[in-house]
Amino acid sequence: MTSITRRIVGEDGQISLPDDVLQTLQLSQGSPVEIVVEDDRVTLRRLVTSSHRAWLGIAPLPDGQTVEAFMRELRGKEETEEPTPAQDIVWLKPGQALPEQL
């Protein structure tokens, strides 16, 4: 969705967001937002507070390295290797308890 709206910056540097923008971003008074400035562009995003989102971009991969290669290096083995008994996957249905012996 692209929307273009013009606003005037107030004395204190604030701008009022149109109702449709507030609704689209699910913002209300006191909602945390993230402001990203790139060259002459400003992007306003609703701040998502999840642990995954908080770590995005913190440790960029070396040039040319893929996520898959990084994960293989991190795990210390090829993903094509057979899992050891301790690595076997147990599928549970919702509400089902773990078996006594894995």
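The values are calculated or read from the model by the stated rules, or taken from the named source; none is laboratory data. Model, not experiment: these values are computed from the prediction. When we count neighbours, we look across all protein chains shown, and the Cβ atoms used for this are built from the backbone with ideal geometry, even at glycine.
Observations on the model:
- Residue 42 falls short on exactly one of the conditions (1) assigned to a loop (DSSP other than H, G, I, E, B); (2) at pLDDT 90 or above, and that condition is (1).
- When residues of segment 11-36 are limited to those that are aliphatic (A, V, I, L, M) and not in a loop (DSSP other than H, G, I, E, B), the one farthest from residue 49 (Cα to Cα): 21
- Unmet criterion (only one of (1) outside any strand (DSSP E or B); (2) at pLDDT 80 or above; (3) closer than 30 Å to residue 3 by Cα) for residue 96: (3)
- Every test in (1) of a type in the set (S, T, N, Q); (2) at pLDDT below 65; (3) within 30 Å of residue 3 (Cβ to Cβ) is passed by residue 28 save one, and that test is (2).
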